[in-house]
Amino acid sequence: MVVYYHGGGWVLGGIEQSELLGRFLADTTGCVVALVDYRLAPEHRFPTAINDAWAALLWVHEHIEQFAGSSVPLIVGGDSAGGTLAAVVTHRARNAGFPRIALQILVYPATDSDFDRDSYLKSENQLLVTRETLMWFWNNYDPTQSARSDTEAVPLHEPNLAELPPAIVVTAEHDPLRDEAIEYADRLRRAGVPVVSRHFEDQMHGFFTLFGALPASRIALEFVADEIAHFLTTTAKEVSR
């Protein structure tokens, strides 16, 4: 069962933008996919999106047998701001001891709020989403800047990343979020979390959801789907031993 959170800087977007993506993952992996809508800023600022993401995860977990037919592995995922939400709910689940998340899918997640990283400043990364765009998102999501070091807003600031579920991480070369996403994946590895990552050169932030428009989008989706299938197959074999 995959619970997926859409991107949009916590300000824009909805489940409609992830429908084709969700259908593709369902068709290729055999998983049930739940697309989550959450309340958006500036009307609903931090931590509303996180609380909504958590509530949706708990609701899906409660009804998982109804949707999937049995108590199947629970997977969370998301792109951009949705990747942040996916990372944060895995922290909450670990800390609470419930629900058990089997796998996390993080597609160029926002994990920090440092706008002076090299990937933010490079001119070749100012494409579909620019440094100024991301600053605008943050200023709508957290206008008082009180959450810029809160681990539920910036998961890279979480001091303990141990005992989190395995991760699939996708990053893009021409993405202001590139460096912080790569650093988060590296920190997961150092904490002993299994991580499978793929870096897509020549791609910009947002490419993953441009399904049908960019060839790299399909390649990235197939990579994620293949890794989900591999994880589930491996898990099933271990359980059957």
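The values are calculated or read from the model by the stated rules, or taken from the named source; none is laboratory data. This structure is a prediction, so every number in the text was calculated from the model and none was measured. Reconstructed Cβ throughout: ideal geometry from the backbone, glycine too, with neighbour counts over all protein chains shown. Each accessible area value is taken on the protein alone, full model and side chains, heavy atoms only, with ligands, DNA and RNA left out. Shrake-Rupley method; radii C 1.70, N 1.55, O 1.52, S 1.80 Å.
Looking only at segment 193-208, which residues are in contact with a helix residue (DSSP H, G or I) (Cβ under 6 Å, 6 or more places away or on another chain) and crowded, with 16+ Cβ neighbours inside 10 Å? Talk me through it step by step, then tell me what you get.
First pass over segment 193-208, keeping only residues in contact with a helix residue (DSSP H, G or I) (Cβ under 6 Å, 6 or more places away or on another chain): 195-198, 200, 203, 207-208.
Result: 195, 196, 197, 200, 203, 207, 208.
Inspect all residues belonging to segment 88-102 and state whether any of them is assigned to a loop (DSSP other than H, G, I, E, B), out of contact with any Lys or Arg (no Cβ under 7 Å at 6 or more places or on another chain), at pLDDT 95 or above and within 18 Å of residue 41 (Cα to Cα). Working first, answer last.
From segment 88-102, those assigned to a loop (DSSP other than H, G, I, E, B) are 97-102; that's our starting set.
Okay, now just the ones that are also out of contact with any Lys or Arg (no Cβ under 7 Å at 6 or more places or on another chain), so 97-102.
Subsequent filtering for residues that are at pLDDT 95 or above retains 97-102.
Still in the running and within 18 Å of residue 41 (Cα to Cα): none.
No, that holds for no residue.
Does residue 229 fit the bill of being in contact with a Ser or Thr (Cβ under 7 Å, 6 or more places away or on another chain) and farther than 16 Å from residue 79 by Cα? Steps first, answer last, please.
On the way: in contact with a Ser or Thr (Cβ under 7 Å, 6 or more places away or on another chain): yes; farther than 16 Å from residue 79 by Cα: yes.
Yes, satisfied.
Looking at residue 61, is it touching a Pro at 6+ places or on another chain (Cβ under 6 Å) and in a helix (DSSP H, G or I)? If you could, list the steps in order and put the result at the bottom.
On the way: touching a Pro at 6+ places or on another chain (Cβ under 6 Å): yes; in a helix (DSSP H, G or I): yes.
So residue 61 passes the test.
Would you point out which residue out of 163, 158, 173, 183 is at pLDDT 95 or above and open to solvent by less than 30 Å² (accessible area, probe 1.4 Å)?
On the way: 163 fails: open to solvent by less than 30 Å² (accessible area, probe 1.4 Å); 173 fails: open to solvent by less than 30 Å² (accessible area, probe 1.4 Å); 183 fails: open to solvent by less than 30 Å² (accessible area, probe 1.4 Å).
So the residue among 163, 158, 173, 183 that is at pLDDT 95 or above and open to solvent by less than 30 Å² (accessible area, probe 1.4 Å) is 158.
Among (1) surrounded by fewer than 17 Cβ atoms within 10 Å (Cβ to Cβ); (2) in contact with a Ser or Thr (Cβ under 8 Å, 6 or more places away or on another chain), where does residue 66 come up short?
Against the list (1) surrounded by fewer than 17 Cβ atoms within 10 Å (Cβ to Cβ); (2) in contact with a Ser or Thr (Cβ under 8 Å, 6 or more places away or on another chain), residue 66 comes up short only on (2).
Quick one: residue 101 ticks every box in (1) closer than 19 Å to residue 8 by Cα; (2) open to solvent by 10 Å² or more (accessible area, probe 1.4 Å); (3) in contact (Cβ under 8 Å) with a residue 60 or more places away in the chain; (4) of a type in the set (A, V, I, L, M) except a single one, so which number is it?
Every condition holds for residue 101 apart from (1).
Of the conditions (1) buried (at least 17 other Cβ atoms within 10 Å of the Cβ); (2) closer than 19 Å to residue 29 by Cβ; (3) touching a residue at least 60 places away in the same chain (Cβ under 8 Å), residue 222 fails just one. Which one is it?
Just one mismatch for residue 222, condition (1).
Regarding residue 83, is this residue of a type in the set (Gly, Ala, Ser) and out of contact with any strand residue (DSSP E or B) (no Cβ under 7 Å at 6 or more places or on another chain)?
Values: of a type in the set (Gly, Ala, Ser): yes; out of contact with any strand residue (DSSP E or B) (no Cβ under 7 Å at 6 or more places or on another chain): no.
In short, no.
Could you pull out the residue among 107, 32, 36 that is within 13 Å of the chain's Cα centre (by Cα) and farther than 24 Å from residue 178 by Cα?
Working: 107 fails: farther than 24 Å from residue 178 by Cα; 32 fails: within 13 Å of the chain's Cα centre (by Cα).
Selected residue: 36, the only one of 107, 32, 36 that is within 13 Å of the chain's Cα centre (by Cα) and farther than 24 Å from residue 178 by Cα.
Can you tell me which condition residue 52 does not meet? The list is (1) open to solvent by less than 60 Å² (accessible area, probe 1.4 Å); (2) of a type outside the set (Lys, Arg); (3) out of contact with any strand residue (DSSP E or B) (no Cβ under 8 Å at 6 or more places or on another chain); (4) more than 22 Å from residue 166 (Cβ to Cβ), and all the others hold.
Every condition holds for residue 52 apart from (3).
What number of residues in segment 9-41 are open to solvent by 20 Å² or more (accessible area, probe 1.4 Å), in contact with a Ser or Thr (Cβ under 8 Å, 6 or more places away or on another chain) and not in a helix (DSSP H, G or I)?
Here the count works out to 2.
Please go through segment 138-152 and give me each residue that is at pLDDT 95 or above and open to solvent by less than 50 Å² (accessible area, probe 1.4 Å), ordered by number.
Scanning segment 138-152 gives 138, 140, 141, 142, 151, 152.
Conditions (1) assigned to a helix (DSSP H, G or I); (2) farther than 22 Å from residue 96 by Cβ; (3) open to solvent by 10 Å² or more (accessible area, probe 1.4 Å), marked per residue:
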position: 7; (1), (2), (3): no, yes, no
position: 43; (1), (2), (3): no, yes, yes
position: 56; (1), (2), (3): yes, no, yes
position: 72; (1), (2), (3): no, no, yes
